[in-house]
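**Q** The structure that follows is given in the form of structure tokens.
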Amino acid sequence: NADMAVYRAKSAGRATYYFYDGEMGRQFARNVRIETRLRQALQNESLEMHFQPKVDLMTERCVGMEALLRWNDAELGCVSPAEFIPIAEQTGVILPLGEWVFEQTFRHILEWQKQGIAVPPIAINCSAAQLKRADFLMKLLALLEKYQIDPSLLEVEVTESILIEDATICAELLNEMSHLGIKLAIDDFGTGYSSLSYLKDLPFHYVKIDQVFIRNIVNDKSHAALTNAIISLSHSLNLKVIAEGITSLEQLALLREYGCDIGQGYLFSKALGADSLASDPMIVALNEQAL
Ligand code: C2E
Ligand code: MG
Ligand code: MG
Ligand code: MG
């Protein structure tokens with residue numbers, strides 16, 4: 001149909017025009033640059049794992065840490081994972097990068113253990129593309145073996161998008177990990193297409209309430225109500241709740257009132273480099289407790 005051909009040509013032309021236009025062109029160029037530099041980063045020393053303590057809100061003891069990628073590129077400077085992880089996911093770089101994250105984290109755990117430092121469970125973020133690989137579990141098991149790491153020291157954080165894309169494969173994998181003793185957390189809860197049935201049917205141990213809710217709980221009644229409801233619901237399903245991004249004592253007081261179990265945020269600590277960890281007061285306290 002001639003009209004359709006004309007229309008398509010026009011919209012294709014429009015798309016092309018916008019593509020090379022100003023802001024979008026610059027954005028595209030930066031993304032390509034990030035992808036290229038990121039592939040090289042796997043070969044040089046510009047990537048590092050940092051670790052953010054998770055705190056029991058009742059005892060204020062450290063009960064775990066989240067492993068978070070940090071990247072200081074020689075040309076681009078510090079790039080936030082919030083920017084480069086989505087690019088890594090779109091381009092497939094997330095596969096080698098994800099393996100690097102597991103390996104480096106395990107290397108740090110082994111190193112701490114050699115130094116006699118009591119290590120709490122460590123949570124690693126995992127993208128959908130990683131979990132979808134048929135060899136994911138086999139590779140993970142090989143790494144746990146290589147670094148002599150007890151699977152119960154490992155937690156895996158996934159976001160809801162994974163569950164939507166391929167629920168059956170995902171359920172199988174999550175069940176296998178859970179049977180190995182790996183704890184599972186659903187990350188950024190409340191922001192995506194939160195379906196409560198995920199929580200009921202899949203073997204999660206933790207729900208992590210997204211920072212957006214915590215940021216607003218003091219000033220916004222609806223965010224407070226939702227946070228409270230997520231906590232009650234999770235508890236009724238025997239899940240523990242982790243609040244992300246706690247920055248103030250007011251937020252902490254409210255979350256305690258709601259019965260939230262665990263918290264993470266700048267109020268307690270930002271993510272720490274592997275070397276500064278041993279001297280961090282929270283880890284020192286954990287080790288005194290362990291003695
Ligand atoms: P996430 O898993 O939800 O991680 C929490 C993010 O909140 C981290 O940002 C952390 O530094 C930040 N954060 C913690 N406490 C506070 C606070 O009190 N205030 C504020 N404003 N932020 C706080 P980060 O490290 O920039 O990571 C962003 C996201 O990138 C992560 O969100 C995660 O989705 C992804 N990511 C980071 N490292 C990895 C990784 O190794 N693998 C994968 N697949 N994704 C990762
Ligand atoms: Mg996370
Ligand atoms: Mg999160
Ligand atoms: Mg997030």
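**Q** Out of (1) touching a residue at least 40 places away in the same chain (Cβ under 8 Å); (2) within 16 Å of ligand 3 (Cβ to nearest atom), the odd one out for residue 82 is which?
**A** (1)
**Q** Here is a further query. Keeping to region 72-115, report how many residues are surrounded by 16 or more Cβ atoms within 10 Å (Cβ to Cβ), among the aliphatic types (A, V, I, L, M) and within 28 Å of residue 152 (Cβ to Cβ).
**A** Matching residues across region 72-115 total 6.
**Q** Pairs please, first residue from region 241-265 and without any contact (Cβ under 8 Å) to a residue 12 or more places away in the chain and within 18 Å of residue 62 (Cβ to Cβ), second anywhere and within 16 Å of ligand 3 (Cβ to nearest atom) and open to solvent by 40 Å² or more (accessible area, probe 1.4 Å), Cβ atoms under 6 Å, 6+ apart in sequence or on different chains.
**A** none
**Q** Need the failing condition index for residue 268 against (1) within 13 Å of ligand 1 (Cβ to nearest atom); (2) out of contact with any strand residue (DSSP E or B) (no Cβ under 7 Å at 6 or more places or on another chain), just the number.
**A** Result: residue 268 passes all but (2).
**Q** What is the one condition in (1) more than 15 Å from the chain's Cα centre (by Cα); (2) open to solvent by 60 Å² or more (accessible area, probe 1.4 Å) that residue 178 does not satisfy?
**A** (2)
**Q** Taking residue 227, is it part of a helix (DSSP H, G or I), at pLDDT 95 or above and in contact with a Phe, Trp or Tyr (Cβ under 8 Å, 6 or more places away or on another chain)?
**A** Working: part of a helix (DSSP H, G or I): yes; at pLDDT 95 or above: yes; in contact with a Phe, Trp or Tyr (Cβ under 8 Å, 6 or more places away or on another chain): yes.
So residue 227 fits the description; yes.
**Q** Among all residue pairs at least 6 apart or on different chains, which show Cβ distances below 7 Å where the first residue, located in region 115-140, is in contact (Cβ under 8 Å) with a residue 24 or more places away in the chain and away from ligand 3 (no atom under 16 Å from the Cβ) and the second is assigned to a helix (DSSP H, G or I) and small (Gly, Ala, Ser)?
**A** What qualifies is 118/290; 130/98.
**Q** Which of (1) within 20 Å of residue 205 (Cβ to Cβ); (2) in a loop (DSSP other than H, G, I, E, B); (3) open to solvent by 50 Å² or more (accessible area, probe 1.4 Å) is the odd one out, the single condition residue 233 does not satisfy?
**A** Tallying (1) within 20 Å of residue 205 (Cβ to Cβ); (2) in a loop (DSSP other than H, G, I, E, B); (3) open to solvent by 50 Å² or more (accessible area, probe 1.4 Å), residue 233 fails exactly one: (2).
**Q** Sort out which residues of region 172-220 are within 15 Å of ligand 1 (Cβ to nearest atom) and acidic (Asp, Glu), and write them in order of number.
**A** 187, 188, 210
**Q** Sticking with this one: Considering only region 44-71, state which residues are open to solvent by 10 Å² or more (accessible area, probe 1.4 Å), farther than 18 Å from residue 185 by Cα and not aliphatic (A, V, I, L, M).
**A** Those that are open to solvent by 10 Å² or more (accessible area, probe 1.4 Å), farther than 18 Å from residue 185 by Cα and not aliphatic (A, V, I, L, M): 44, 45, 46, 48, 50, 59, 60, 61, 70.
**Q** Now for a separate question. I'm trying to understand the selection: among the residues of region 238-276, which are open to solvent by 20 Å² or more (accessible area, probe 1.4 Å), hydroxyl-bearing (Ser, Thr, Tyr) and within 25 Å of residue 118 (Cβ to Cβ)?
**A** 266, 276
**Q** When you scan region 133-151, do you find a residue that is within 25 Å of residue 198 (Cβ to Cβ), open to solvent by 50 Å² or more (accessible area, probe 1.4 Å) and modelled with pLDDT under 95, even just one?
**A** yes
The values are calculated or read from the model by the stated rules, or taken from the named source; none is laboratory data. Since this is a predicted model, take the numbers as computed values, not measurements. Positions of Cβ are generated from backbone atoms using ideal geometry, with glycine treated the same way; all protein chains shown enter the neighbour counts. Note: accessible area is taken over every heavy atom of the protein model, side chains too, but ligands, DNA and RNA are not part of it. Shrake-Rupley method; radii C 1.70, N 1.55, O 1.52, S 1.80 Å.
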